[in-house]
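Taking it in order: structure first as structure tokens, then the write-up.
The values are calculated or read from the model by the stated rules, or taken from the named source; none is laboratory data. Since the model is a prediction, treat every value here as computed from it, not as a measurement. Note that we place each Cβ from the backbone using ideal geometry, even for glycine, and neighbour counts take in every protein chain shown.
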Amino acid sequence: MLRYIIRRILQFIPVLLAVTLFTFVLMRAIPGGPFDHAGDKALPPQVVANIEAKYHLDWPMWKQFLSYLVGDDLLGEEGPSLGVIRGDLGPSLRYRGQTVNDIIETSLPVSAQLGFMSLLLALIIGIPTGTIAALKQNTWMDYTSTFAAVIFLSIPNLVLAPVLIWIFAIELGWFPVATWGAKPPFFLGIFPRFSQLNANYFSHAILPVFALGTSSAAGIARLTRASLLQVVNEDYIRTARSKGLREQTVIVVHALKNSLIPVVTILGPAFAALVTGTFVVELIFGINGLGKHFVTSIGNRDYPVITGVTLIYAVVLVIANLLVDVTYAWLDPRIRFD
Amino acid sequence: MKKNTTLWLVISMLIVSSMVLTACGGSGALAEDPVTLNWNWGTEPPTIDPSLATDTTSVDVVGNTFMGLTRFDPVTGEVIPYLATSWESGEDADGNQTWTFTMREDVSWVSYDAETGKVSKVEGHENVTAHDVVYGVKRTVNPETASDYSYVLYIVKNAAAINGGEEGVSLDDLGVAALDDYTVQFTLERKAGYFPAIAGMWIANAMPQWAIEANPDSWTEPENFVSNGPYVLESWVHGGELNLAKNPLFFDADAVQVERVHGVIIEEESTAFSLYENGELDSTSVPSAEIDRVKADPELSAEYTQIPVPCTYYYGFVNTKEPFDDVRVRIAFAQSIDRQGLIDNVVKGGQIPATSFAPPGIFGAPEPGTVGLAYDTEAAKASLQAYLDDKGITIDDFNAMDIVLMHNTSEGHANIAAAIQQMWADNLGAEVRVENQEWGVYLDTITKDTAIEEVPHIFRLGWCADYPDENNWIHEVFNSDEGANRVRTDNADFNALTVAAGEAQDPAERAALYEQAEKMFAEEIVGYAPIYHYTAMNVTQSWVTRNFPPLGANDFYNWTVDEAARGN
């Protein structure tokens, strides 16, 4: 098992290198640069040249990439870049004075807190609902939960979030309209400080967590239901029952555990997507997360930010997928990694 | 038992460390209950470095923390004294125009200490002097600073050469000098009656050399920031909130009523509007979807203001692309746009129909509707027919030329394009194809260097004022020797006219020359079709008294908040 994990981690290196290279090249292939204009105004060529020289955008592409990757000193050039290998994701071209590391440090923890709570909510709602629906197949409970799942899957957050704000924040006044309850500095760089973990923090979190969590919960519920329905018809379940095990043990220990494999499979990408930020929910709830940087940095042609956030997403994704694969072995004893 | 001890140790360490962190994060108190303005910046300011700022949010922060030599009157838009008390124009030995500014002597450099909540003068740099202004101007022009707006200062002697890295000139040759500690003199490349407006812009601010050199990349962070205006930077959580606190050492501090600006950064307009309705914001823009409700609601309609914004929306013609290389076609297209109908039925914001370029409030701008081609379908049709007859073609042959109107991707632009496309079809029988591109790609497409086959016949753009003078408009945008010249005109008479207008010294003469230039470009050259002058829709709580400055930063220091009324 350990050898398997080490091998997988070594495989991350070419994957992440490829992600960096593709993002780097693709973004620069799009017409229009970060400094061609200020607002509607075109900038004179010498002004653009000054700015490009400052950020080394006048270097040939291969050299820019190497500088981004390993740093200026290893290239024998003068410049501020230490390279991705030393954890320097470069300066933001749009937010001058901030580095990509600064941006991630401020906004990733907020996204991670929101995403983690949403995923937790999704699991807490999704798995029991799916289980009940499967065990009570074709009863009113099944129909109700399937119907609810379809509803929550089909309402986009773009619609759900403003409706939640309107009902629960403006009309009823139960929760704040927008913003997040914790500010940097964060505990261990990610968690809210203990002093911030109060009613204010959670009242800010409830609506966005609900908006983000319910659509994932709906997907998990449907998947759990389908998978469990398949598993309960397997031979080993019949064996378990014929051994005289209690129905509760049969379902929880034998059936549910195995039926979670498809659920765990989607949890990897879902975790990566939720934890690195979601554009729409963060935008509508005015949450200072990483989600917006995935979108706005493209319009801004903020090359280092695009590459940096994509790389962060890729890292979280490959780690989440590794955890998923390891979990398989625990969920299903027939799976072995050697 | 052993396990338990370890667990307790870990928990108590976590508690202690969180307390330590809290202590570090606490911000210093101002007055017990400062008079607070709850504001939404709308977007994270890309920078608050005066040399680098270009967008309205950054300029708002810079304008409230720094003093320009001059500023605009928030009501009339006139240039009035600020850091400079007076200025006069003269001539140097070589006959170049000079502008000499006499500065206040009671303005201090201050910094804010978040722990004590105190604002104090910077030791060794108590007073803002002419040398600080000289440093600021040189810093903006220095190519190493890489300032976007450095080109606005190209009017200053040698600025363009220095900024362009020309050999043989250095920063010492720049036309700016401190005559004494409180007198600064600019020498210009050519005469400019509008220069006092430029001198007040953020890029020409006095800047704290020692603070910038100590932390070149992070001097704008709250712990390093040094400023001289009515407010100091209290705290800045990037992307989350930026708060300002009153500078009690400001020379006119007694006149500043708002003691704290609590500024959140909410990008989504409808969310900001919800916050406003919940009483959490004191002023915000009205999303277009809410306009009808705001106007109908008795309370909201009383808080609603429609304000003119010095920006113009226009369709540019590519003057060298067939059939738009013929003025009769351009006249026909410009004259068959029903601007009022477009405003009433499509954009709906009470905009002002535009037939010329610079909007009201800009020095030299013609009265709307007096210059340019008004909506006249008969004349438009006749103009197009004259072209068709001359070329010996029919309207079908004309339509076969596949005329393209392009805009950058946006629902609003698409709606306007669809409406105008229909007007051209109804009024002229002309068929136009509408295309759109993503903003960055679009700006690349419509430059004057794009091959003629790839550029659209008609493109949409907007222009907003940097300073309230026609020079910033008809000259900087449409003079083909100066501006981006996306419309690809080449008219020596017109170019000479806008230059002459900028150099004229008598205001009445300048205004008359600009009007002539506007008239020539809109009626004779017909390089473009102006569509409308912008408006903004705002709601402000009844307890706030504010200005809507037509230009420059929002002047929080002139606003008032009635905290007692807010409670009710």
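Residue by residue through the stretch A:171-229, note down the ones that are surrounded by 18 or more Cβ atoms within 10 Å (Cβ to Cβ) and on the phi > 0 side of the Ramachandran plot. The answer is A:T179, and nothing else.
Can you spot a residue in the stretch A:66-82 that is closer than 26 Å to B:E213 by Cα and within 11 Å of chain B (Cβ to nearest Cβ)? Yes.
Between A:S81, A:S92, A:S107, A:S67, the distinction of being buried (at least 20 other Cβ atoms within 10 Å of the Cβ), outside the structural domain of A:P185 (by TED's automatic domain parsing) and touching a residue at least 40 places away in the same chain (Cβ under 8 Å) belongs to A:S92 only. The criterion of being within 27 Å of the chain's Cα centre (by Cα) and either in a helix (DSSP H, G or I) or aromatic (F, W, Y) (or both) holds for A:F12.
The set of residues in the stretch A:172-185 being modelled with pLDDT of 90 or more and under 15 Å from A:M117 (Cβ atoms) consists of A:F175, A:W180. From the list B:V309, B:V346, the one residue that fits, being aliphatic (A, V, I, L, M), over 23 Å from B:A451 (Cα atoms) and surrounded by fewer than 18 Cβ atoms within 10 Å (Cβ to Cβ), is B:V346. A single entry from B:A419, B:A425, B:A451, B:A430 fulfils the requirement of being within 31 Å of the chain's Cα centre (by Cα) and farther than 30 Å from A:R301 by Cα: B:A419. Contact annotation: residue pairs with Cβ atoms under 7 Å, 6 or more positions apart or on different chains, pairing a residue in the stretch B:442-468 that is without any contact (Cβ under 8 Å) to a residue 60 or more places away in the chain and more than 8 Å from every other protein chain (Cβ to nearest Cβ) with a partner that is outside any strand (DSSP E or B) and not basic (K, R), are B:K448/B:A484; B:K448/B:N485; B:E454/B:T445. On the stretch given as the stretch A:281-307, residues that are hydrophobic (A, V, I, L, M, F, W, C) and closer than 22 Å to A:W166 by Cβ total 5.
The one condition from (1) free of Cβ contacts under 8 Å to residues at least 40 places away in the same chain; (2) touching a strand residue (DSSP E or B) at 6+ places or on another chain (Cβ under 6 Å); (3) within 14 Å of chain A (Cβ to nearest Cβ) that B:A161 does not meet is (2). Cβ-Cβ contacts under 7 Å between residues 6 or more apart (or on different chains), taken from a first residue in the stretch B:530-545 that is part of a loop (DSSP other than H, G, I, E, B) to a second residue that is surrounded by fewer than 19 Cβ atoms within 10 Å (Cβ to Cβ), are listed as B:Q541/B:E303; B:S542/B:E303; B:S542/B:A565; B:W543/B:D562; B:W543/B:A565; B:W543/B:R566.
Per-residue answers, yes or no, for (1) touching a residue at least 40 places away in the same chain (Cβ under 8 Å); (2) buried (at least 17 other Cβ atoms within 10 Å of the Cβ); (3) away from every other protein chain (no Cβ under 11 Å):
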site: A:F116; (1), (2), (3): yes, no, yes
site: A:L135; (1), (2), (3): yes, yes, yes
site: A:T139; (1), (2), (3): no, no, yes
site: A:N157; (1), (2), (3): yes, yes, yes
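Restricting to the stretch B:451-481, and then to whatever is modelled with pLDDT under 90 and assigned to a loop (DSSP other than H, G, I, E, B), can you tell me which residue is surrounded by the fewest Cβ atoms within 10 Å (Cβ to Cβ)? Selected residue: B:D481.
Residues of the stretch A:14-42 that are within 14 Å of another protein chain (Cβ to nearest Cβ), on the phi < 0 side of the Ramachandran plot and small (G, A, S): A:A29, A:G33, A:A38, A:A42. Being more than 30 Å from A:G33 (Cβ to Cβ) and in contact with a Pro (Cβ under 8 Å, 6 or more places away or on another chain) is the requirement here; does A:L114 meet it? Answer is yes for this residue.
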